[in-house]
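Chemist: Could you have a look at this structure, given as structure tokens, before my questions?
The values are calculated or read from the model by the stated rules, or taken from the named source; none is laboratory data. Remember, predicted model here, so these are calculated numbers, not experimental data. For the accessible areas, the whole protein counts, side chains as well, though only heavy atoms, and no ligand, DNA or RNA atoms are used. Shrake-Rupley method; radii C 1.70, N 1.55, O 1.52, S 1.80 Å.
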Amino acid sequence: MTAPKAIVLFSGGQDSTTCLAWALDKYAQVETIGFDYGQRHRVELDCRRTVLERIRGGFAQWAARLGQDHLLDIGVLGQISDTALTGDARIVLQADGLPNTFVPGRNLLFLTLAAALAYRRGCAVLVGGMSQTDYSGYPDCRDDAMQAMQTALSLGMARPLAIETPLMWLDKAQTWQLAADLGGDSLIEIIREDTHTCYQGDRRRRHDWGRGCGACPACELRAAGYRRWRDGV
């Protein structure tokens, strides 16, 4: 193991659950951090508790490594945002080419707060599910942004801090495969049944890839990746 302790940015979605499994397989101690920022899909905060419970109960090799969970109220982010993720606006593409689900500064703020927690908790690694392969084009998911944040946070905290992004160069089909490699059918079932990705917060409709509206960008990415993975494409 390359470091004794890591903190995973854990939303309760497919990507962060896969990253949590990745961290639990790699590090001796793993804590989780989540954020309530007034997101319209707040149901993900309930899902993250369920996923943590199922991982603790279903994976003996990981249970002892999974430490404290931290949930931070950062409603101020929702107050200063005007997006489809923090309001009731219809999801559309903006003039700048980004979908209006982009919450400016969200991942940058998440990483800053996680770094502050890591400083207090003695963690040297932050793990996030950012990817610039199958993604919605968010600039704060790109590898260059993550490298810049790693440098800034390490300098600002006056101690080395690594940002690990195991999904950065994986498409969604490969993300499903990584979950299968790490946790087998049991982890795939948790991802399908208990994680939440849908921007609309829809848990009523069940699909072969999980629960969601099936039409928002997050659902479409997840569904397409699942089918490519299932069909071996």
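Chemist: I'd like to check one number: the per residue accessible area of the chain, probe 1.4 Å, reported in Å² as a whole number.
Modeler: Per-residue value: 44 Å².
Chemist: Can you tell me the length gained on complete extension of the stretch Ala124 to Asp208, counting 0.36 nm per residue apart and subtracting the Cα distance?
Modeler: 26.5 nm
Chemist: Of all the accessible heavy-atom surface of the chain, with the other protein chains kept in place and a 1.4 Å probe, what percent is carbon and sulfur? Spell out each step's value before the answer.
Modeler: Details: 5080 of 10260 Å².
Carbon-and-sulfur percentage of accessible area, whole number: 50.
Chemist: Next question, about the same structure. For semi-axes √(5λ) of the Cα gyration tensor in Å, pick the label among (i) 36, 19, 16; (ii) 25, 23, 16; (iii) 43, 20, 16 that corresponds to the value derived from the coordinates.
Modeler: (ii)
Chemist: Over the chain, what is the relative contact order in whole percent, taking alpha-carbon pairs under 8 Å and six or more residues apart?
Modeler: The value is 22 percent.
Chemist: Return the whole-Å distance between the Cα centroid of the range 1-35 and the Cα centroid of the range 168-199.
Modeler: 14
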